[in-house]
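**Student:** Here you go, one structure.
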Amino acid sequence: MSYVLLVDDSPVILKILRHLATRIDHHDAVAAASLSQAKQIHQQNPDSCFAAVVDLTLPDASSADIVDYFINAKVPTIVLTGNFDEKLQNQLIQKGIVDYVRKEGRYSYEYAIDLVNRLSRNLRTRVLVVEDSKAVRSHIRHLLQTQLFEVLEAGNGLEALKVLKQHPEIKLVITDYEMPEMDGFELVLTLRHKLDRQDMVIIGLSSTEEANTSTRFIKNGANDFLAKPFNSEEFHCRIHSNMDNLYLLERVQAMAYEDDLTGLPNRRWFYEHAEPALALTNQHHKPFCLALLSLDEYQALNDAYGRDLGDRLLTFFARELRESFPKQILARTGVEEFAIVFPGQDQEQSGELLNRFKQHIAVQAIEHGEEDIFITFTAGIASQPARSLDNFLLRANNCLLEAKHAGSNMIFGEE
């Protein structure tokens, strides 16, 4: 397990940091009270150290020693200090620290810990910098890489569109205004025709003194604007604020479309994705199948062993579904009911895949105390012709009921 190293010689502050560190995702927290102790912990497991939150005032180190150690070890370093020294702050930023946070109350500690979670999210985030000046591009790339973003570059708007076509997963675009071939205003307008604010953050840049530059960027669809030359702290704050908003929107969307227990899409998501898939296959005269799966004896197992086991069975089954049907449309549509859409596959092909999955599931043991619990499922399959998803669901459910009446661990299709 990777860890975050918290370094401060104050027992009170370390206690606060360790308490707040419980909100860190995916990483453990390890505390140290001196540079020598921090080195010892790091050297025991250097590859697993994800980040360090460090105080500058330690009993066995001068102000920058601990920063130099972790920067040289290529560990993202967040400085948390009670002393404000603007000259030292600028020096540390030049060295490549993540941020310089002053101890000005509980929010400062929360901010430092939240930075760690931002770094985790940034690892999975691609950013495109669109700027015709190589020097400015290089500077912005350096600032973003200290935050662990993966950075791509383009010299103008047309190049940016090509990069975005190759990398549609880009979540943040930082674009200059004045560029050859396609300027920043045109780029923002073009992107906003395809992508909403909840899909991508766009931040405009400009060194022009024209009064309406920032408002034109915002009105064209940019989320924010920075005037060049900008302060690196302001740059990071704007990036953090906008990306946090995007993350929160993504979480709200996930809560609306994701089943809390299993992590599979829910019924609402299923309808929004299965209906277009059905329309597309009808348009191209291709086969289409829909299967409803129900865990056998789920309620009896839940009553006999308790809800904890029932939840484990559902999450286990959902995980196996996701791994076995990576290209199909999956959802949890009822308590113990799941739906699978097979676009482009007929009933024979879909039934063969489900039979293989049925054989696989039947031999998977779920440990419960000293017992091994085995589960099976029953399924019904509906196939074309049909013009509506509701009709498919009704027919698949009829097949499922017939299979249940005939016995468990069975798959019934239409005659």
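All of the numbers you see were taken from the coordinates with simple rules; none came from a lab. In this text the structure is predicted, and so the values were computed from the model without any measurement. Every residue, glycine as well, gets a Cβ built from its backbone with ideal geometry; the counts of neighbours run over all protein chains shown.
**Student:** Would you look at the GNM of the chain, springs on alpha carbons closer than 10 Å, and say which of Asp390, Asp132, Asp372 moves the most?
**Tutor:** Greatest mean-square fluctuation among the candidates belongs to Asp372.
**Student:** Dipole of the stretch 115-265 (Lys/Arg Cβ +1, Asp/Glu Cβ -1, origin at the Cα centre): which of His142, Leu264, Pro180 lies farthest to the positive side?
**Tutor:** Final value for the positive-end residue is Leu264.
**Student:** Just for the chain, what percent of DSSP beta bridges are antiparallel, to the closest 5?
**Tutor:** 40 percent
**Student:** About the Cα centre of the stretch 187-277, how large is the charge dipole given +1 on each Lys and Arg Cβ and -1 on each Asp and Glu Cβ? Please answer in debye to the nearest 20.
**Tutor:** So the magnitude is around 300 debye.
**Student:** By the scheme Lys and Arg +1, Asp and Glu -1, what is the net charge of all other residues having a beta-carbon under 12 Å from that of Leu400?
**Tutor:** -3
**Student:** What FRET efficiency would be calculated for the residue pair Lys134, His405, taking the C-beta separation as r and a Förster radius of 56 Å, to the nearest 0.05?
**Tutor:** So the FRET efficiency works out to roughly 0.20.
**Student:** Once label points are set 7 Å from the Cα along Cα→Cβ at both Leu195 and Glu415, what is their separation, rounded to one decimal in nm?
**Tutor:** Taking the two extended label points, one gets 5.4 nm.
**Student:** Considering the dipole of the chain built from charges on the beta carbon (Lys and Arg +1, Asp and Glu -1) around the Cα centre, which of Asn72, His405, Ser10 is farthest to its positive end?
**Tutor:** About the Cα centre, the residue reaching furthest to the positive side is Asn72.
**Student:** So how strong a dipole does the chain carry about its Cα centre when Lys and Arg Cβ are +1 and Asp and Glu Cβ are -1, to the nearest 20 debye?
**Tutor:** So the dipole magnitude of the chain works out to roughly 640 debye.
**Student:** Quick check: Cα centre of the stretch 47-119 to Cα centre of the stretch 232-302, how many Å?
**Tutor:** So the two Cα centres are separated by 38 Å.
**Student:** Treating only the Cβ of Lys, Arg, Asp and Glu as charged (+1, +1, -1, -1), what charge dipole size does the stretch 257-340 show about its Cα centre? Round to the nearest 20 debye. Walk me through the intermediate numbers first.
**Tutor:** Working: 9 positive and 14 negative charges, 84 e Å.
It works out to roughly 400 debye.
**Student:** Using 0.36 nm per residue of separation minus the Cα-Cα distance, give me the extension gain between Arg102 and Leu394 in nm, one decimal.
**Tutor:** This chain segment gains 99.0 nm when fully extended.
**Student:** GNM, the chain, Cα, under 10 Å: largest mean-square fluctuation among Arg238, Arg216, Arg356?
**Tutor:** Between Arg238, Arg216, Arg356, it is Arg356 that shows the largest mean-square fluctuation.
**Student:** Of the labelled options (i) 1.08; (ii) 1.13; (iii) 1.15, which one gives Rg/Rh (Cα atoms, Kirkwood Rh) as computed for this structure?
**Tutor:** (i)
**Student:** Got a sec? Charge dipole of the stretch 265-323, +1 on Cβ for Lys and Arg, -1 for Asp and Glu; which of Leu314, His285, Ala304 is way out at the positive end?
**Tutor:** Value computed over the given set: His285.
**Student:** What FRET efficiency do you get for Asn245 and Gln166 if R0 is 25 Å and r is their Cβ-Cβ distance, rounded to the nearest 0.05?
**Tutor:** 0.45
**Student:** Anyone know which of His236, His368, His27 comes out most mobile in the 10 Å Cα GNM of the chain?
**Tutor:** His368
**Student:** Please give the calculated 222 nm ellipticity per residue for the chain, where each DSSP H segment of at least 4 residues contributes -39500 (n - 2.57) and the sum is spread over every residue; nearest 500 deg cm²/dmol?
**Tutor:** -15000 deg cm²/dmol
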